[in-house]
């Protein structure tokens, strides 16, 4: 029996177990890369959710007024309050924001080019206590997701996915083949 190794070279293998042993390290490395990427995405999303929740707390409490204030003054106030603008990787942050928002916050272009679109571009209807509660709940859910992912190894993720795949494979094996 023959099979391809991780470098796509044809190798002779004695048993199916040899194929598994040949590919397991590559597969684990791929799972680790995926785990690291997912964790980075969640952490970027958490930064945006934290900023939005803090921004809404200030607006809802009346500590931050948005009415009749020039854009540059709002930006200066946000900088003074230590709000971080979206940086060079803002596109990635933007996807996280858009995925997490159900009220169209990611589509409003009123934030200007200041890097604070994720805050100043929020629609007026979303500057409410209800939206703050939703954001806080989502933030806690994502924090839990991040902590769970930090405490999970690539091998555990792989094994969990293999266990989830087992019933479908078993059903495919047990299904009689349709031949004419």
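All of the numbers you see were taken from the coordinates with simple rules; none came from a lab. From a predicted model like this one, the values you see are computed outputs, not experimental measurements. No Cβ is skipped: glycine too gets one built from the backbone with ideal geometry, and neighbour counts run over all protein chains shown.
Tell me, in nm to one decimal, what length is gained between residue 13 and residue 80 on full extension, where the rule is 0.36 nm per residue of separation less the Cα-Cα distance?
17.7 nm
Provide the packing ranking of 26-34, 1-9, i.e. peptides ordered by the mean count of other C-beta atoms within 10 Å per residue, highest first. Intermediate values should be presented prior to the final figure.
Details: 26-34: 13.7, 1-9: 10.2.
By packing density, highest mean first, the sequence is 26-34, 1-9.
Pull out a ≥ b ≥ c, the square roots of the eigenvalues of the alpha-carbon gyration tensor of the stretch 5-51, then state rounded if a/c is under 1.5, prolate if not and a/b is larger than b/c, and oblate in the remaining case.
Here the stretch 5-51 falls in the prolate category.
With a/c under 1.5 counting as rounded, go ahead and sort the stretch 1-91 into rounded, prolate or oblate using the C-alpha gyration tensor (a ≥ b ≥ c being the square roots of the eigenvalues; past the cut-off, prolate if a/b is larger than b/c, else oblate).
Cα axes put the stretch 1-91 in the prolate bin.
What does the extension gain come out to for residue 40 and residue 145, with contour length at 0.36 nm per residue minus their alpha carbon separation?
Net length gain for the segment: 36.6 nm.
By the gyration tensor of its Cα atoms, with a ≥ b ≥ c the square roots of the eigenvalues, what is the shape of the stretch 127-180: rounded for a/c under 1.5, prolate for a/b over b/c, or oblate?
Taking the square roots of the gyration eigenvalues as a ≥ b ≥ c, the stretch 127-180 is oblate.
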